[in-house]
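The values are calculated or read from the model by the stated rules, or taken from the named source; none is laboratory data. Every value quoted in this text rests on a predicted model; they were computed, and no experiment measured them. Cβ coordinates were reconstructed from backbone atoms using ideal geometry, including for glycine residues, and neighbour counts include every protein chain displayed. Only protein heavy atoms, including side chains, enter the accessible area calculation; ligands, DNA and RNA are left aside. Shrake-Rupley method; radii C 1.70, N 1.55, O 1.52, S 1.80 Å.
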Amino acid sequence: MSRLSAAKRNASLPAWTPTPPPPAPSPPPSGAAWTAGRHALSRAARLALDIALPTQCVSCREPVEGEGVCASCWARLSFIERPYCPRLGIPFVYDPGPDMLSMEAIASPPAYQRARAAVRYDDVARTLVHALKYQDRTDLAPAMGRWMARAGGELLAGADMLVPVPLHWRRAWRRRYNQSGALAQIIERQSGVKARAEVLRRVRATEQQIGLSRAQRATNVQGAFQVSPDRQAEIQGRRIVLIDDVLTSGATLDACARVLLRAKAAQVDVLVFARVVESGPRPI
């Protein structure tokens, strides 16, 4: 009994080793890390898409890098530079001197004060416009909008707002976007002048202007536009730049300008991507 007791007293307990706590869960990634990872995945996806489906020139379908116009087609774009009519922006063949107006500006002055365009409406420009308008090529809007901002610098310098020419709701539903609104958003980023797409509404569906005479175009858009009733106060005393893709006869833009001026806008100018330029002498 004494030996058992002594054995019990001399017996030692096994050494106790504490169990380590479970590892703490990793903290969630920070906002910056999450954004960087998302951008990396986006770049990788775009790279894979570019490898599988390389970007093609919108005009000649040759593979290109960047914004969809190859060097050859870029060279064929006719950018409008001075000298041009200070009122309508129609390019002159020669410099007629300061403040010389074109025949169109004197014979039939529009309601808007000034018009500027980035390029002539030639083959390449037509392809770009049709791709943006009808083929969902919204990737062309950034380049086109930047060229417009450059061409309309003097208009934008004194502007209070940009107003894109609106589509009728049925046409907007079919196309899913307004090409003039897409261009206005790019110009807003370039210039800092706010785009106000909700100011002007197209209240009457109109026929396509393609194929109509000048008089028919004017009749077609008569009464088609209206200032939104709750935006009247925003227009009064403001200098507005209307944004559109093409200026042909000017009937649509003139109708928009008249509506804005009746709503007490101080001045309305026009900025488009391309304009039709007829051949022949310009200044008088």
*Evaluate the relative contact order of region 98-255 (contact order divided by residue number), counting alpha-carbon pairs under 8 angstrom at least 6 apart; express in whole percent.*
27 percent
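Kirkwood hydrodynamic radius, region 109-192, all distinct C-alpha pairs: what's the number in Å?
Kirkwood hydrodynamic radius for region 109-192: 13.8 Å.
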*Over the Cα atoms of region 170-243, compute the convex hull volume and normalise it per residue, giving Å³.*
129 Å³
*So what is the accessible area of region 151-284 per residue, in Å², with the probe set to 1.4 Å?*
48 Å²
_Stretchable slack from His130 to Ser279, in nm (0.36 nm times residue separation minus alpha-carbon distance)_ = 51.4 nm
*Rounded, prolate or oblate: pick one for region 86-147, where a ≥ b ≥ c are the square roots of the eigenvalues of its C-alpha gyration tensor, a/c under 1.5 means rounded, and failing that, prolate if a/b is larger than b/c, else oblate.*
prolate
*Kirkwood-based Rg to Rh ratio, region 155-284, C-alpha trace*: 0.96
_Efficiency of FRET between Ser78 and Arg170 - r from beta-carbon atoms, R0 41 angstrom, step 0.05_ = 0.75
*Cα-based shape type of region 64-119, given that a ≥ b ≥ c are square roots of the gyration tensor eigenvalues and the cut on a/c is 1.5*: prolate
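Using 0.36 nm per residue, how much length does the chain from Thr138 to Gln56 gain when fully extended, once their Cα-Cα distance is taken away? Mind showing how you got there, number by number?
On the way: separation 82, 0.36 × 82 = 29.52 nm, distance 1.43 nm.
This chain segment gains 28.1 nm when fully extended.
For a Förster distance of 22 Å, can you work out the FRET efficiency between the beta-carbons of Ala107 and Gln216, rounded to the nearest 0.05?
Efficiency computed from Cβ-Cβ geometry: 0.70.
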*How big is the gap, in Å, between the Cα center of region 223-284 and the Cα center of region 118-132?*
20 Å
